[in-house]
Structures are given as structure tokens and as C-alpha cells.
Amino acid sequence: HNLPNVEIINGYGPTENTICSTFYKVSHKKETSSRYAPIGRPMNNTHVYILDSYLNSVPIGVAGEMYIGGTGVARGYINRPDLTAERFIPNPFISLEDSQKGKNLKLYKTGDLARYLPDGNIEFLGRVDDQVKIRGFRIELEEISSVLKEHKTVHEAVVVTRKNDLEENYLLAYIVPNEKYSHPELEENSSPLNQNNFLELQGNLRSYLERVLPDYMIPSFFVFLDKLPLTPTGKIDKKALPSPNLSLRQVSETYIAPSTPIEERLSSIWTEILRIEKIGIHDNFFKLGGHSLLATQVISRIRNEYNIDLPLQALFEHPTIKNLSEDIQEFINNQNISQIPPIVPQQRPQTLPLSFAQQRLWFLDQLIPDSALYNVPLALKLSGPLNLDALEKAFNDLIQRHESLRTIFPTTQGEANQVILPHNFISISQALDDLSNLSPEEQLKSINI
């Protein structure tokens, strides 16, 4: 406001396109549909494309990867033909006229995510390699970090993914609080805040994110640091970020241990599914990192444990051990016994009708006899000494376990049925061809490799 003649330009561009590719004149009076200043429009003699994974243009508002063409695009990376071929691709949008004029026919694949805004400006969204999948949803980690940075208590924030014991991705947020909210007990790059401050800040940030982001974008845990570790070039060193202290991963301010048999059993079930120890009766299942897929596991365990028809919605409505145990007790008192019949071994008749899928494949086999269309060939090469007895036992156990491996389809008067044969021991040793006395060349030749 004090310097009316000064213009602020938000420029964007990779080194591979001579530094600047797009620009945007920032003005506090200018309205835009973007939360942040856009990166604007392409410079003269520069072309920007936002494409999907098939190099098709994406619609307005849809995220895609940025590709840059025009006179500023470099020739490639010196002495790196492999990387050059990966990042500098032929321009599929070049016209014959431009080609004849000798214009640059390459597009630079930036690895940056962006989208077109309704006013024609481009909004930068982050890096392609920052895209992750959480519970089947594709999300941008930078988007969560950006929302966190808007909170009054946050100075810096970065969101990363980690894998739990089940190899599932979960979100982890690292927060540097503003000086007003910092505390002297913070150790450089590592120590989280003390328990009370941690719970208070985590609760405030979680509530804030829940108002603006869907649940699958809410971090499962927050780590508070004095400062974020940086690489020598000044970027955040994500590899140096400390592991979270899961003992602090409580939601309620005070831990209250289970006191009834149902509460104790629920606590054990939650501990097994969430992989978190010391869960209090007032801790929220979903704020501990639970989600709908894990919720179905909890309800299934409860049904097996108490033989009641507890609906999945019960856990969403009462996500604490205290309240959920009261629901279970009420179901037991009202004798809402599960109507799901127990699973018992099926008695097999001599012949069985084909399923619809089997009928289809049987028909195709009659139509095109001796066809290998639906065969899946596979050859395995085992290295090292072979324990023939163990392999033979595993092979026979597999056939014994799966009826489909010993099912035949005899035809009677043009109609097929399936007959499950009893398991007879199969000797692998009788089917072996010992090639150990042959040279390596003769061995390969004999097995047609």
C-alpha cells in the first residue's frame, strides 16, 4: 500500500525452460478462484499443456501434469541420453507448418501438477511424486500442507506418508509452531511438545482440517518440531524427519483405562487393528487413525465375539470405547442375537451344476475346442538345492485345499456338470526330467528356452 508503483510478479519455470515460463501480476484487488496466487499464463513463444497420463488435455479445474514447449525449451541433459529421452518428449500438438519452420518439436515433462482456472490462469498444485493413494483416494500432500500453513498456530508444515504394520499408507504431519506457540522444551529437529501441549495443538489442528478437508486427507498423527530439517540446497529433507512417538497418539486429554469386561475386550480389538497401545475409553477411533475399512474389521470382531447384529453405523455414531461398549451391552440385554447362520462344511453331491461363469467358459470351449485363450502359462526357475519332499508335500496340500484343482466337467446329453474328484497323492518325482548330466547349453535347448 505504501509503494503504489511497485508491481509483484509471481513467476514460474524450470531451469530446463530457461528459468521463467509463466507469470502472474499479483494484486490485492484482483479476484481469483485460487486459494493462492496463480502462476499465470505462458510467456511469449512459450506453450504450456496440462495433460493426463495419456497425453490428453485435461478439462478446466482438473489436475494434470504440466508440459512446456516453445523456444525456451533446452535440448536435453548433457551426457544423459536416458534422462533426456524421459523428460524431453516429442510434441504431439505440433502442426505441420511449425514443423516445416524448424520450431522446437520437444515438450519438457516438468513433473509438476497444475490445473487451469476458469479465468485462464494456471494454478500450481505440487509435484507428481507427491501424489499418494490413501484408502483408494489419490491426494496431493502439498494441498494438506498448504491448508495447515493457513492456521494461526502454524509457521511451517510438511505432510508425508508412512506405512503401518499392514503396509498401508497413512498421513503424518510435521508442524513447526509459530513463536507464540513454541516452547523451550523443544529439541532441535526431533522432540515433540510435551503431552498437554501436544494434545491441545493436535486437537485444534485436527478440528480445523476436518472443517475444510475430507476425512481421508486428515493426518493420522502430528509431530511438532522446533524446525524442519533442510538439505544443503535449502529444501525440506524428508528423509531426516523423525519417526512419530506413537505413545503420544492419544486423542483425549486424560487417559482412562478400560474397567469393564466389554471395554477391556474392545480395547484389545482396537489395539490389534490400529496397532496402537494404551487406548483409553474416551479416545476416538477415527482420530486414532481408524477409517471405514478398519471399522468393518472392528464390527466383524464384535459380532464374532458377542454373536450380536451390531450395525457398522454404531461405530461411526459412537466412536469411543465407552459409548460403543454401552451399545454392545444394550444389544446383549435386548437379546439382539445375530441371525447370520454359522459357516459349516458343505456336503457335496456326486455332481454339481455349473456356475454362470463356468457355463460361459464351457460354451467357449465347445465353440473353439483345444483353445489356449484362457490358459495362463507360467514357468518358474528355482535357484539352489531343491527339497523335493517339501515341494511335493506343498503341491499336494494345495490340491487337497482347493477343490477347483481337482474338478472335472463331464458332459451328459450335451449338458455339462462338475464333479469334484477325491484327492489322490501326486508324485512329482515321477514327472521329473533330470538334466544335471547335460551342459548348460543342452539344458536350455531341451526345455526350449
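Residue 319 fulfils the conditions (1) more than 19 Å from residue 336 (Cβ to Cβ); (2) out of contact with any strand residue (DSSP E or B) (no Cβ under 7 Å at 6 or more places or on another chain) except for a single criterion, (2). So which of 373, 405, 435, 444 is open to solvent by 90 Å² or more (accessible area, probe 1.4 Å), farther than 30 Å from residue 346 by Cβ and among the aliphatic types (A, V, I, L, M)? Selected residue: 373, the only one of 373, 405, 435, 444 that is open to solvent by 90 Å² or more (accessible area, probe 1.4 Å), farther than 30 Å from residue 346 by Cβ and among the aliphatic types (A, V, I, L, M). Contact map, region 362-384: first residue without any contact (Cβ under 8 Å) to a residue 24 or more places away in the chain, second residue among the basic types (Lys, Arg), Cβ cut-off under 8 Å, separation 6 or more or different chains; the map is empty. I'd like to know if region 315-333 contains one or more residues that are β-branched (Val, Ile, Thr), assigned to a helix (DSSP H, G or I) and over 23 Å from residue 203 (Cβ atoms). Yes, that holds for at least one residue.
All conditions but one from (1) under 30 Å from residue 305 (Cβ atoms); (2) in a loop (DSSP other than H, G, I, E, B) apply to residue 425; the one that does not is (1).
Checking each residue in region 414-430 for being in contact with a Phe, Trp or Tyr (Cβ under 8 Å, 6 or more places away or on another chain) and among the small types (Gly, Ala, Ser) picks out only 416. Between 386, 361, 391, which is under 30 Å from residue 435 (Cα atoms), outside any loop (DSSP other than H, G, I, E, B) and open to solvent by 60 Å² or more (accessible area, probe 1.4 Å)? Sole residue among the options that is under 30 Å from residue 435 (Cα atoms), outside any loop (DSSP other than H, G, I, E, B) and open to solvent by 60 Å² or more (accessible area, probe 1.4 Å): 391.
Per the listing 311, 385, the residue uniquely more than 30 Å from residue 258 (Cβ to Cβ) and either under 35 Å from the mean Cα position of the chain (by Cα) or modelled with pLDDT under 90 (or both) is 385.
Among the residues of region 84-141, those identified as at pLDDT below 90, farther than 20 Å from residue 43 by Cα and in contact with a Gly (Cβ under 9 Å, 6 or more places away or on another chain) are 127, 128, 129, 140, 141.
Within region 341-352, is even one residue open to solvent by 100 Å² or more (accessible area, probe 1.4 Å), of a type outside the set (Lys, Arg) and touching a residue at least 60 places away in the same chain (Cβ under 8 Å)? Yes - at least one qualifying residue is present in region 341-352.
Scanning region 252-290 for residues that are open to solvent by 20 Å² or more (accessible area, probe 1.4 Å), within 20 Å of residue 220 (Cβ to Cβ) and β-branched (Val, Ile, Thr) gives a single hit, 271. When region 197-231 is examined, which residues are found to be closer than 17 Å to residue 286 by Cβ, at pLDDT below 85 and aliphatic (A, V, I, L, M)? Once the filter is applied, which keeps residues that are closer than 17 Å to residue 286 by Cβ, at pLDDT below 85 and aliphatic (A, V, I, L, M), region 197-231 yields only 199.
For region 45-95, a residue qualifies if it is polar (S, T, N, Q), over 22 Å from residue 11 (Cα atoms) and touching a helix residue (DSSP H, G or I) at 6+ places or on another chain (Cβ under 9 Å), and exactly one does: 91.
A search for C-beta distances below 7 Å between a residue of region 305-327 that is without any contact (Cβ under 8 Å) to a residue 24 or more places away in the chain and any residue that is surrounded by 15 or more Cβ atoms within 10 Å (Cβ to Cβ) and outside any helix (DSSP H, G or I), counting only pairs 6+ apart in sequence or on different chains, returns 327/310; 327/318.
Within region 217-235, residues that are among the acidic types (Asp, Glu) sit with their Cβ atoms under 6 Å from residues that are open to solvent by less than 50 Å² (accessible area, probe 1.4 Å), at 6+ positions apart or across chains, in these pairs: 226/186.
Listed by first and then second residue, the pairs linking a residue in region 118-143 that is open to solvent by 70 Å² or more (accessible area, probe 1.4 Å) to a residue that is assigned to a helix (DSSP H, G or I), with Cβ atoms under 6 Å apart and 6 or more places separating them unless they lie on different chains, are 135/216; 137/216. Just to be sure, is residue 244 surrounded by 17 or more Cβ atoms within 10 Å (Cβ to Cβ), assigned to a loop (DSSP other than H, G, I, E, B) and either among the basic types (Lys, Arg) or modelled with pLDDT under 90 (or both)? So residue 244 passes the test. Residues that are touching a Pro at 6+ places or on another chain (Cβ under 8 Å) and modelled with pLDDT under 85 were ranked within region 1-35; the one that is surrounded by the fewest Cβ atoms within 10 Å (Cβ to Cβ) is 33. Only residues that are open to solvent by 100 Å² or more (accessible area, probe 1.4 Å) and not in a loop (DSSP other than H, G, I, E, B) were counted in region 410-422, giving 1. Residues in region 291-308 that are loosely packed, with under 14 Cβ neighbours inside 10 Å and farther than 16 Å from residue 265 by Cα: 292, 293, 296.
The values are calculated or read from the model by the stated rules, or taken from the named source; none is laboratory data. Fair warning: this is a prediction, and the values are worked out from it, not measured in the lab. With ideal geometry, Cβ positions are generated from the backbone for all residues, glycine too; neighbour counts draw on all protein chains shown. We work out accessible area using only protein heavy atoms, side chains counted, and drop any ligands, DNA or RNA first. Shrake-Rupley method; radii C 1.70, N 1.55, O 1.52, S 1.80 Å.
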